[in-house]
Amino acid sequence: MSGATDDHSSAGAIDLRSDTVTRPTAAMLEAMRTAPLGDDSRDGDPTVVRLERLAAAMVGKEAALFVPSGTMGNLLAVLAHVRPGHDVLVDPLAHLATSEIAGLVGVAGVVPRSVASRAGCYDLAALAAALATAPAGRVGAGLVWLETSHNGAGGRVVPVDHVGEVGAMARRRGVPVHLDGARLFNAAVALGVPAATIAAPVDSVMVCVSKGLSAPVGSLLAGSVAFVARARALRRMLGGAMRQAGVIAAAGLVALETMIDRLAQDHAVARRLAAGLAGLEKTLVDPATVETNMLRLDVSRTRHDAEAWAAALARHGILVQASGAAQLRLVTHRHIDPAAADRVIAAFAAAA
Ligand SMILES: Cc1ncc(COP(=O)(O)O)c(C=O)c1O
């Protein structure tokens, strides 16, 4: 693969479909081989305990729980915070609303209620109204949802002040706030602040080590000791209690300890892509909106729809994700270097 930075990236295409395609580093594989292990759901796994403590400290919460996926972490947050029949106030472009709705409704029995938002930030007047009222026949808000960096908004970063304002508004109404921080560390690097600063106003936060941080598996759900104890019991209920989970937690530790600062490189490659693609066709993307490792290209004013673009680029060995008819998602990561970005720009020019 072009742009590979160590020996465990796969050969072949330039894969921009997601940062989840990142392979574990050599240091992760070595840590996995040598990690002290136990039975996490019987009497504890020391490597999982280390990862949970480190993650909790990094996001500024009392405790954390290691879970197999971001989806499970978010679902556990809903189950732990919200009683069935209540609403989750959510930005309609949040990953919860676009991709996790079946678990929210089908497993948690919780109702999504959309609140007007832009680039991951709520219209605060609309949020205040949603917190103050319940639609006819509904119980009312049980949770407010935030996401940063914001996948559906093209990796946009929610300003720290906005998280604070949302937290304060919800607290006044006695409603908890959960932050989907699948890419919280990208947001922290982009803002130049600790992840804990962003997460300070929220009650719980989920972070993934399996995305741009390159660990093969895993996410962490953090919050108060009482919240995490409840989530731990619910994780068992969902079948998410694991055994020698230190094997994968070991890679997560390397991710948190060594892989965060380099996310700035992924952001620089994303900006390079945005500048090059906007140079070809300015309606594709506004480079000023590319804040982290993601681009959402608007192909509606080109001659191809998104599927046709994806197919044409695949013929050049470049994999991108079509999102509806009008949008392509490109995600940069450890295996995409500046030279790979330049090949992508050249392929777009050729495919146009
Ligand atoms: C913002 C966001 N939240 C949650 C998830 C779910 O994570 P997972 O794929 O580990 O279930 C994703 C996955 O891409 C995501 O982008």
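The values are calculated or read from the model by the stated rules, or taken from the named source; none is laboratory data. Bear in mind the structure is a predicted one, so any value in this text is a computation, not a measurement. Reconstructed Cβ throughout: ideal geometry from the backbone, glycine too, with neighbour counts over all protein chains shown. Ligands, DNA and RNA are excluded from the accessible area calculation, which covers all protein heavy atoms including side chains. Shrake-Rupley method; radii C 1.70, N 1.55, O 1.52, S 1.80 Å.
A compact table of results
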| read-out | value |
| --- | --- |
| Residue match in region 108-123 (condition: in contact (Cβ under 8 Å) with a residue 24 or more places away in the chain, in a helix (DSSP H, G or I) and either in the same structural domain as P159 (by TED's automatic domain parsing) or loosely packed, with under 14 Cβ neighbours inside 10 Å (or both)) | no |
| Scope region 86-99; condition assigned to a loop (DSSP other than H, G, I, E, B) and out of contact with any Gly (no Cβ under 7 Å at 6 or more places or on another chain); matching residues | P92 |
| Residues of region 33-48 satisfying the condition of being surrounded by fewer than 16 Cβ atoms within 10 Å (Cβ to Cβ) and not polar (S, T, N, Q) | R33, P36, D39, R42, D43, G44, P46 |
| V217 open to solvent by 30 Å² or more (accessible area, probe 1.4 Å) and more than 20 Å from Q265 (Cβ to Cβ) | yes |
| Checking V160 against (1) open to solvent by 40 Å² or more (accessible area, probe 1.4 Å); (2) touching a strand residue (DSSP E or B) at 6+ places or on another chain (Cβ under 9 Å), the condition it does not meet | (2) |
| Which numbered condition R83 misses (of (1) part of a loop (DSSP other than H, G, I, E, B); (2) within 20 Å of A200 (Cα to Cα)) | (2) |
| Number of positions in region 163-195 that are over 17 Å from T71 (Cβ atoms), within 16 Å of the ligand (Cβ to nearest atom) and open to solvent by less than 30 Å² (accessible area, probe 1.4 Å) | 7 |
| Sole residue being at pLDDT below 95 and farther than 30 Å from R42 by Cβ, chosen from R171, R138 | R138 |
| Residues within region 243-267 that are over 17 Å from A63 (Cβ atoms) and in contact with a helix residue (DSSP H, G or I) (Cβ under 8 Å, 6 or more places away or on another chain), tallied | 15 |
| Criterion (open to solvent by 50 Å² or more (accessible area, probe 1.4 Å) and either part of a loop (DSSP other than H, G, I, E, B) or on the phi < 0 side of the Ramachandran plot (or both)) met by exactly one of A102, A128 | A102 |
| Residue within region 60-69 that is touching a residue at least 12 places away in the same chain (Cβ under 8 Å), over 23 Å from I198 (Cα atoms) and open to solvent by less than 50 Å² (accessible area, probe 1.4 Å) present | yes |
